[in-house]
Amino acid sequence: MITRRHVLVSALAAPAILRFGPAQAATTLKISHQFPGGTIDKGDFRDRLCRVFAAEVTKRSGGAITAEIYPNSSLIKTNAQFSAMRKGALDISLYPLPYAGGELPETNIGLMPGLVSTYDQGLRWKSQPVGKALTDFLADKGIIILTWVWQAGGVASRSRPIVAPEDAKGLKVRGGSREMDMVLQTAGAAVLSVPSNELYAAMQTGACDAGITSSTSLISFRLEEVAKSLTSGAGASYWFMLEPLLMSKSIFDALPKNQQDIIRTVGAELEAFGRKGAQDDDIEVAKVYQKAGAKVSALDVATVGKWRDIARDTAWKDYSAKTAAAANLLKLASDVSA
């Protein structure tokens, strides 16, 4: 178990290892993500998770593995990171899986409206047949999952709150995946497809009326500055995003077995860190928006059910018809009870 004290000790130890460790050249892994940068102890938990990962693999490998963190898509543009990992041009990314949906439509299982309704349900995927099927599919495409991270989401709106599906009618809304966009369109909304790090500008200019994204992104991208209302997903949500720490399989396969074991072990241990970070932000986001003067609304199980009903009739059916792999993933995911 990685504790806060363990994290800080590792962070302090890492530079010493680099200075006084083995003379052989270290493997330096480049870790990219789209989120704001911080420190190992402060900031967006997704950036912190990457920094903890880097410090731990350096410590446990005795300096044989080091890592450089590139936040804010400063190394590679957001939507290009997945493809870069597949080609071996990028080592690791903490990446919203459905952002790869244009390249591999099967990855949109990572944001299928109404499919995952709790953190327990999402994190059970790893040990269930759906987890093996998704892991095998991604490995075949050149990607390895190191850390399973799920995040509940909510809605920041420039105008009226979007709680029930009918509230979206006539608004321009960012949903976060093709499937979420289908649900919004059925509810009468126009949709906008942008990564979450571009939401602020889109809402500020009026190109977007509302954005659905994770609680952490609702905070980190300061959307409370351009929003008048928030719908929180803390109690219940139809929007759960799989945002794992991913690694290029070709880069991973080229490493010695002992280094592969360290990377996999640290990645798995960080799943508790990711869950806590996401759930803490589910609570914090309401405080941030209330302080900014926004109206805060909550989702309940019955309202989530309305969104799920639309999703079953539209997005789920459309996704299943894409490929045999997609149909199998949806079936297996549906078998994992809430």
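For this structure, a couple of remarks:
- Amide H within-cut-off set for residue 246, under 5 Å, with H built and near neighbours excluded: 93, 94, 95, 146
- Near residue 221: Cβ cut-off under 10 Å, other residues only, Lys/Arg at +1 and Asp/Glu at -1. The net charge is -3.
- Bridgeable lysines around residue 132 (alpha carbons under 19 Å apart, same-chain partners fewer than 8 residues away excluded): 141, 249, 331.
- Residues considered: 58, 314, 205. Largest GNM mean-square fluctuation over the chain, using C-alpha springs under 10 Å, is found at 205.
- Among 252, 240, 35: highest mean-square fluctuation, GNM of the chain, C-alpha pairs under 10 Å: 252
- Using a Gaussian network model of the chain in which every pair of alpha carbons under 10 angstrom is joined by a spring, one finds that among 211, 38, 153 the greatest mean-square fluctuation is at 38.
- Under the criterion of Cα pairs below 8 Å and six or more residues apart, the relative contact order for segment 180-338 equals 32 percent.
- Amide H to amide H distances under 5 Å link residue 143 with 249, where only residues 5 or more positions off or on other chains count and H is placed in the peptide plane.
- Applying a length cut-off of 24 Å (Cα extent along the axis) and a mean Kyte-Doolittle floor of 0.5 to the DSSP H helices of the chain leaves 4-20.
- For the chain, the dipole from Cβ point charges (+1 on Lys and Arg, -1 on Asp and Glu) about the Cα centre works out to 380 debye, to the nearest 20.
- When the charge dipole of the chain is built from unit charges on Cβ atoms (+1 for Lys and Arg, -1 for Asp and Glu) and taken about the Cα centre, the candidate among 63, 80, 184 whose Cα reaches farthest toward its positive end is 63.
- Each DSSP beta bridge with both residues in the chain is either parallel or antiparallel, and the antiparallel ones are about 55%.
- Across the chain, C-alpha contacts under 8 Å between residues 6 or more apart give a mean separation that, scaled by the residue count, equals a relative contact order of 23 percent.
Each reported figure results from applying straightforward, stated rules to the coordinates on display, with no laboratory input. Just so it is clear, the model here is predicted, and its values are computed rather than measured. Glycine also receives a Cβ, built like all others from the backbone with ideal geometry; neighbour counts cover every protein chain displayed.
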